[in-house]
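Worksheet: the structure to be examined is printed underneath.
The values are calculated or read from the model by the stated rules, or taken from the named source; none is laboratory data. Computed from a predicted model, the values in this text were never measured in an experiment. With ideal geometry, Cβ positions are generated from the backbone for all residues, glycine too; neighbour counts draw on all protein chains shown.
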Amino acid sequence: MKPNTHKSNSETRRKFIKSTGIFAAGLALMPSLSIASESDKGMWSFLTGKQDDKLAVMGGKPLRTKAWQKWPMWNPQTDEKRVVDSIRSGVWSRAGIANEFEAAWAKTLGCKRSLTVANGTNALIVALHQMNIGAGDEVLVPPYTFIATVSAVLLNGAIPVFVDVDRETFQMDPDKIEAKITPRTRAILPVHILGLPCDMDRIMAIAKKHNLLVLEDACQAHLAEYDHKKAGTIGNAGCFSFQNSKNLPIGEGGAIVSNDDIFMDKCFAYNNYGYPAGTASGAIGNGSPMLGTKVRTTEYASAIGLSLLPYLETQTATRNENAAYLKAKIEKIPGIVPYKLYPKVNRAAFHLFPFRFQQQKFKGLSRAKFLKALRAEGIPCSSGYTPLQKMDFIKSAFESKNFKRMYTAAELNYEKYMENNKCPNSDILCDQEAVWFTQNMLLGTKSDMDDIATAIAKIYKNADELNKMG
Ligand SMILES: *Cc1c(COP(=O)(O)O)cnc(C)c1O
């Protein structure tokens, strides 16, 4: 069923309104009164006050006890052979299978090259390093992201400058970028956080105007698309993570993707002790011309990637379908405001499904109590990130020996840095509003999505009582 094909049943609607009593006032605030289908009944019976089950968190029966889709998923019959073969071959360090996985990932994204590395964090570190970003440079980052986005900047000796997010999309707000650009700004590091693409047209236009590089953190955005281009392939380079929870899991792994051969050759060399690779990093037999580290992938990890990659397309389609279905349902519940996508987003990856919880519309119920109640109903959920720009790891970098040699004391004035890097919108998401469901939940059925919506409605119905419980 498509959410926009819900038939409006005016008769049912009139009956519901008649029977709602005091809930009629609440209903008038709702964006739509249409009863979509049979499957919406659970949700509406609570919202209209018809049903009054006790919340599980208050000793009632949980709405759901059924398990959710486990992650990672693989089929022992078809997906283990490649991995077992690679182990039995005894060739475990990177070789042919790694090359094959890299070619397959580049082809999937429609870009020229992909380099698999040990993890997404090191993909970011290596990419920034080979973009020659280091001491004295500033990189624009969003605060609403995983810590590795920002650590990668600091580990290269550059300073992360935070651009606050748009709460409606959860992404770096393009309107706030230009105010943060200084003569030291070298790059923008947009993160397609939660797997929802950033407003790349705006970001690329600003980068072009100010001559900045763009490195996309697409670690949560496998197969997401903006204007029919895959996330990670729009900027100068993109980074992915294949960590176990990610939408394409290989245990630990990451990738750098780009159309720039020279850059990719340098990344390869850097990922392999600086040994010559391709044409850009010196000829084989001449010794190592450049400094390198070692963050290589393995054959068996690449074999897992090749085994699971064929599922990614259909899984992504399912996540998109279920996300749209769930969004259309829960946005009818007062106080539940799901994510918005930018107009040019064709597809998201939905590593996470986010919505904003509005406490005042839930009779003052705190988000923590809401989450606890939702979990008790059998719906796993989380409050997501905590404010990154305030975390002490940044201070610890500023206090490090290397930073003190690279920057003046005035440049490392942490109080001043904190003052210049306030992100009130991200703080509201972190501290009050954001609620996440994980991607594996979106691989279920429509009836699984109905359970989520009904459980939220059940809490809405009982919010007053739950809130008073203390
Ligand atoms: C997971 C993630 C990373 C880091 O990837 P790892 O493979 O865990 O090192 C970086 N950025 C974002 C946004 C991520 O979600």
Out of the helices (runs of 4 or more DSSP H) lying entirely within the stretch 73-129, which hold 3 or more residues that are modelled with pLDDT of 95 or more and surrounded by 14 or more Cβ atoms within 10 Å (Cβ to Cβ)? 81-89, 96-109
Being within 14 Å of the ligand (Cβ to nearest atom), of a type in the set (Gly, Ala, Ser), surrounded by fewer than 24 Cβ atoms within 10 Å (Cβ to Cβ) and not in a helix (DSSP H, G or I), is that true of even one residue in the stretch 245-255? yes
Within the stretch 209-222, work out how many residues are within 11 Å of the ligand (Cβ to nearest atom) and either acidic (Asp, Glu) or more than 18 Å from GLY254 (Cβ to Cβ) (or both). 2
Go through the stretch 146-162 and give me each residue that's among the β-branched types (Val, Ile, Thr) and away from the ligand (no atom under 15 Å from the Cβ). ILE159, VAL161
Could you tell me whether THR121 is more than 9 Å from the ligand (Cβ to nearest atom) and under 18 Å from ASN244 (Cα atoms)? no
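Each row is one residue, and each column tells you yes or no for (1) over 20 Å from MET418 (Cβ atoms); (2) buried (at least 20 other Cβ atoms within 10 Å of the Cβ).
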site: SER151; (1), (2): no, no
site: ASN156; (1), (2): yes, yes
site: PRO160; (1), (2): no, yes
site: GLU168; (1), (2): yes, no
site: ILE181; (1), (2): no, no
site: ARG184; (1), (2): no, no
site: PRO190; (1), (2): yes, yes
site: ILE203; (1), (2): yes, yes
site: ASN211; (1), (2): yes, no
Quick one: which residue in GLU321, GLU331, GLU225, GLU313 is more than 16 Å from the ligand (Cβ to nearest atom), more than 30 Å from ILE87 (Cβ to Cβ) and out of contact with any Pro (no Cβ under 8 Å at 6 or more places or on another chain)? GLU321
Within the stretch 286-391, considering only strands (runs of 3 or more DSSP E) that don't extend past its boundaries, which have at least 3 residues that are buried (at least 16 other Cβ atoms within 10 Å of the Cβ)? 336-338, 352-357
Return only the number of the condition from (1) of a type in the set (D, E, K, R); (2) within 26 Å of the chain's Cα centre (by Cα); (3) surrounded by 22 or more Cβ atoms within 10 Å (Cβ to Cβ) that LYS458 does not satisfy. (2)
